[in-house]
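Trainee: So that we are looking at the same thing, I have put the structure below in structure tokens.
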Amino acid sequence: MLELSSVSTSYGPVPMLRDVSLNVAKGELVCLLGPNGAGKSTTFNAICGLLKLDAGTVRILGRDVATTGTERLGALGVGFVPEGRRLFPTLTVRENLRLAFDASGCAAPFEDRLEAMAALFSPIRERLRQGAGTMSGGEQAMVALARALIGDPVLVVMDEPSLGLSPKLIDEYFAIVAAIHQRGTTVLLIEQNVETALAMADRGYLLIRGQIAASGPSRDLLRDDTVRQLYL
Ligand SMILES: Nc1ncnc2c1ncn2[C@@H]1O[C@H](COP(=O)(O)OP(=O)(O)O)[C@@H](O)[C@H]1O
Ligand SMILES: [Mg+2]
């Protein structure tokens, strides 16, 4: 469903990702872990097709992202949760969701999809007319997740979605992620919250200084010396 093959990128003369390969098969929940500055968001941007690659390819649903174009990924059935949420602060919650819905090409009526989102997070129903920029960080996180899910995607890619949330909200948030995964949505979860991510994920990758330093089933990564030194 998602495959990075030997991806290398740089910021000007500075190499960032080096020979990064990872894949997420249909129905999997895979996590990408790594310390600050490791290149996780760079990987996210490469998946979105926002970076020019020095080498390698990113394929989503069999298509090369470089030639498909970022703006068409929504219509292919991919939902993104970028780092820091990136809602349109001056638009209402409903308008934020509508824009993502229109870009998704989802065949279901918008109102039905809104109902589906309200079933996942009930507070959204009363917040549709509120300006997204006036909401708390936790509420914005839920709206950003709803925006990724409103078009009923087959694949969701999330960049540190739990950053800044309280422990209670993190639990609620990941319960929703687990629920959508159980319904068949494929997920790539980029996280620093290692124990939570590995508890949910089938497999994981560890990114350090732009390179994959370890990968494997979650239970093996929990025992991995590099992972333990970094996090546990
Ligand atoms: N637009 C950019 N221009 C130059 N350097 C960047 C840019 N974005 C990120 N970097 C650098 O690339 C490295 C990896 O950043 P990033 O992918 O955001 O890491 P992570 O998400 O794992 O914290 C960092 O050293 C960061 O300073
Ligand atoms: Mg980041």
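Trainee: Most mobile of LEU163, LEU198, LEU149 per a Gaussian network model of the chain (Cα springs, under 10 Å)?
Mentor: LEU163
Trainee: With an 8 Å cut-off on Cα pairs and a minimum separation of 6 or more residues, tell me the relative contact order of the range 1-155 in percent.
Mentor: Value for the range 1-155: 23 percent.
Trainee: Follow-up. Once you put a point 7 Å from the Cα of THR90 and another 7 Å from the Cα of LEU163, both along the Cβ direction, what distance in nm separates them?
Mentor: Calculated label separation equals 2.5 nm.
Trainee: Only bridges whose two residues both fall in the chain count here: according to DSSP, what percent of them are antiparallel, nearest 5?
Mentor: 55
Trainee: Once the Cβ-Cβ distance between ASP220 and THR57 is put in as r, and R0 is 30 Å, what FRET efficiency do you end up with, to the nearest 0.05?
Mentor: The computed FRET efficiency comes out at 0.65.
Trainee: Under a 10 Å cutoff between Cα atoms, tell me which one of LYS168, LYS26, LYS40 has the largest fluctuation in the Gaussian network model of the chain.
Mentor: Among LYS168, LYS26, LYS40, the largest GNM mean-square fluctuation belongs to LYS168.
Trainee: What is the distance in Å between the Cα centroid of the range 109-153 and that of the range 194-223?
Mentor: 30
Trainee: While we're on this one: Work out the P(r) tail for the range 63-156: percent of alpha carbon pairs separated by more than 16 Å, whole number.
Mentor: Distances greater than 16 Å cover 51 percent of the Cα pairs.
Trainee: Check every DSSP H run in the chain and write down those whose alpha carbon atoms cover 20 angstrom or more along the long axis and whose mean Kyte-Doolittle hydropathy is -0.5 or greater.
Mentor: 167-182
Trainee: Place a label point 7 angstrom from the Cα of ARG209 along the Cα-to-Cβ direction, then list the residues of the range 28-58 whose backbone nitrogen is under 17 Å away.
Mentor: In the range 28-58, the label zone of ARG209 (backbone N under 17 Å from the point 7 Å along Cα→Cβ) covers 34-40.
Trainee: Now for a separate question. Can you tell me how the range 81-132 classifies by the Cα gyration tensor, rounded, prolate or oblate, using a/c under 1.5 as the rounded cut?
Mentor: oblate
Trainee: Which residues does a label at ASP102 reach in the range 60-90, if reach means a backbone N under 12 Å from a point 7 Å past the Cα toward the Cβ?
Mentor: Label zone hits: none.
Trainee: Where is the GNM fluctuation largest for the chain (alpha-carbon springs, 10 angstrom cutoff): GLU139, GLU28, GLU111?
Mentor: Largest GNM mean-square fluctuation: GLU111.
Trainee: For the chain, what is the calculated [θ] at 222 nm in deg cm²/dmol (nearest 500), taking -39500 (n - 2.57) for each run of four or more DSSP H residues and dividing by its residue count?
Mentor: -11000 deg cm²/dmol
A short reminder: the numbers here are calculations on the coordinates, not readings from a lab. The structure presented is a predicted model; accordingly, all values stated were derived computationally and were not measured. Using ideal geometry, Cβ is built from the backbone for each residue, glycine included, and neighbour counts are taken over all protein chains shown.
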